[in-house]
Amino acid sequence: MTEPLFLTATPAAKYLGCSREELIAWIKPDRRLPGDVGPGSGARLWLQQTLAAAKSSVAAWRERDRAAAAARTAELAAKEVAAKARRKGMRKGGAVTTKKVCELLGCSRTELNRWAADGRLPPDGEIVIPSGILPKKVNARAWLPDTIAAAKTLLESWRAQDRTQAREFTVRRTVSFDKMRRHIEDLLAPHMADPNNPIQVCWNRRVSRVRVIRDLDSTVCEIQLAPIRSEISYATALHEIGHMLGRYQRSRSQMVRERWAWEWARRNALCWTPAMEHDASRALRDCSKS
């Protein structure tokens with residue numbers, strides 16, 4: 001009896017006349033070899049019969065992807081036009097940026113960042129300002145005067161909430177690493193099985209190498225994570241998933257994207273310990289210096 005012929009990604013893509021990325025997006029592997037750093041980290045394998053049956057659909061799939069990419073590009077262009085109009089309106093409305101808001105409210109930048117990230121004092125929009133360092137302009141968060149006036153009456157209650165939350169962070173971890181690992185796998189499963197845009201998950205040995213990879217139109221196509229063996233690797237995995245599912249992940253500001261990814265991680269974690277909060281704060285400090 002003849003053994004079935006399996007092909008890995010590169011020869012399978014060559015057989016179909018497409019790229020590896022197109023192959024992975026179009027056809028689910030028939031087999032996945034066991035990996036040594038986590039589930040789903042081994043080589044993908046496709047049966048030659050599967051590839052032969054799909055060969056007639058390659059042109060249609062490619063045309064579908066081109067149409068979808070063109071639609072996303074047009075959508076992004078329309079959003080950019082709308083954003084420019086909003087920025088112009090913010091200027092006319094007397095919007096102010098972070099430093100001035102802190103002066104008006106009598107709060108620290110850390111407090112303002114926390115309130116903006118958790119939705120208590122979200123920015124009304126962005127305005128373009130000189131960077132002060134580089135010979136170019138950057139988008140900065142901005143708040144309208146009415147928003148700042150309304151926030152002044154809520155400062156004490158917000159600070160009371162922050163003190164309560166700080167006390168909650170002193171509790172020790174009560175969730176096992178196995179539950180953390182299953183939680184990450186459960187969060188990723190629907191996106192890996194999405195027929196329209198399946199996300200590929202790769203596992204690295206080191207936490208420092210985790211990242212989210214996007215294609216040319218900013219759609220997430222791959223997420224690289226470290227095995228969940230500690231609170232830090234769990235928090236980091238949640239943070240990377242936050243780059244997929246969190247708010248404001250298409251912002252031009254890296255700091256905005258990072259803050260909201262960490263906020264998503266906090267809100268969706270099974271537990272959030274002081275060590276995890278310290279790691280998040282360190283990452284945001286490093287981002288602000290870069």
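The values are calculated or read from the model by the stated rules, or taken from the named source; none is laboratory data. These figures come from a predicted structure and were not determined experimentally. For neighbour counting, all protein chains shown are included, and Cβ atoms are generated from backbone atoms with ideal geometry for every residue, glycine included.
Looking only at segment 209-222, filter to residues that are hydrophobic (A, V, I, L, M, F, W, C) and part of a loop (DSSP other than H, G, I, E, B); which one of those is surrounded by the fewest Cβ atoms within 10 Å (Cβ to Cβ)?
At the first step, the residues of segment 209-222 found to be hydrophobic (A, V, I, L, M, F, W, C) are 210, 212-213, 216, 220-221.
With part of a loop (DSSP other than H, G, I, E, B) added as a condition, the list becomes 210, 216.
Values: Val210: 19, Leu216: 9.
So the residue we want is Leu216.
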* **Test: residue in segment 138-157 that is surrounded by fewer than 17 Cβ atoms within 10 Å (Cβ to Cβ), modelled with pLDDT under 85 and over 19 Å from Glu263 (Cα atoms)** => yes
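Select, from Arg211, Arg182, Arg229, the only residue that is at pLDDT 85 or above and closer than 20 Å to Arg257 by Cα. Let's see the steps before the verdict.
Details: Arg182 fails: closer than 20 Å to Arg257 by Cα; Arg229 fails: closer than 20 Å to Arg257 by Cα.
Just one listed residue meets the conditions, Arg211.
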